[in-house]
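Read the structure below first, then the notes.
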Amino acid sequence: MNPDGYSLRQRGNANNVDLNRNFPDQFFSMNEDASAREPETRAIMEWSSQIHFTASASLHGGALVANYPWDGSQDKRYPIYGGMQDWNYIHGDCFELTLEISDNKWPPAHELATLWKYNKMSMLNLVVSLVQTGVHGRVFSSDSGRPLPGTITIEGVNHTVKTNRVFADYHRLLTPGGRYKVMATVPGYKSKTTNIWLEKSAMTVDFVLDPEVTPNGNLLRSACECNCGRLNRYEFESFFEVPTLKCTPF
């Protein structure tokens, strides 16, 4: 993510900006001006908006730590604001791990292969665990059969997950061995809720929603209904992919 900083052996990029403090923050109105963000930050944000990631791993050096949301808090007790990890979780529905994989902040080149060897199986096992964890499925319209982009809510969890814009598929990571109430919501359609008991394996839960009817008997149409006949090759093939893990070294 930061090739210029890597070459200069500094934390900031060529403009001496810390990219892991350059993302919009949930508690403070920093980095809200899109034109003022660094090009590397904008590139990551655009990439994340194009691909519906389920989880990600950001690789760092300088310690041996596995960190997960949240980095910041409203009372300023935690040190990181404007970080990529919290932004990914809030705006991209992407559960990000920050992995500090070396005590040496600048490991020499000959150690990189060893670091990869030590971490390779853990990264692959993380991908496998994502596929086998939580609830996933799609949302459809009962009258047209079309996929309906909307949101998925888990009762008691203050975070919604948006479905994919094209195929309306979703993947919500959840802890196995619990009972959950899952709700699908789409503008112009009646929300639907189902109760599930999630065991060790992932569960598929599809929703078929009925359109809302106006007092005069007309159907309310969702503005986000998609026309799957216009899909390009990338969008069509992406539907058949397993939930994706992205790895972004700083």
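Applying the criterion of at least 3 residues that are in contact (Cβ under 8 Å) with a residue 24 or more places away in the chain, of a type in the set (S, T, N, Q) and crowded, with 19+ Cβ neighbours inside 10 Å to the strands (runs of 3 or more DSSP E) found wholly in the range 172-211 leaves an empty list. Selection of first residues in the range 119-141 that are modelled with pLDDT of 90 or more and of second residues that are polar (S, T, N, Q), restricted to Cβ pairs under 8 Å at least 6 apart or on distinct chains, gives the following pairs, ordered by first then second residue: VAL135/THR204; HIS136/THR204; GLY137/THR204; ARG138/THR163; VAL139/THR163; SER141/SER222.
Among the listed residues CYS226, CYS247, identify the single one that is modelled with pLDDT under 60, touching a helix residue (DSSP H, G or I) at 6+ places or on another chain (Cβ under 9 Å), of a type outside the set (Val, Ile, Thr) and not in a helix (DSSP H, G or I).
The conditions single out CYS247.
Every condition in (1) hydroxyl-bearing (Ser, Thr, Tyr); (2) crowded, with 19+ Cβ neighbours inside 10 Å; (3) outside any helix (DSSP H, G or I) is met by THR41 except one, and the failing one is (3).
Residues in the range 3-26 that are closer than 11 Å to TRP87 by Cα and in a loop (DSSP other than H, G, I, E, B): ASN22, PHE23, PRO24, ASP25, GLN26.
Looking only at residues in the range 120-140 that are under 18 Å from the mean Cα position of the chain (by Cα), among the polar types (S, T, N, Q) and surrounded by fewer than 16 Cβ atoms within 10 Å (Cβ to Cβ), the one that is nearest to ARG165 (Cα to Cα) is GLN132.
The values are calculated or read from the model by the stated rules, or taken from the named source; none is laboratory data. Bear in mind the structure is a predicted one, so any value in this text is a computation, not a measurement. As a convention, Cβ positions derive from the backbone with ideal geometry for all residues, glycine included, and neighbour counts pool all protein chains shown.
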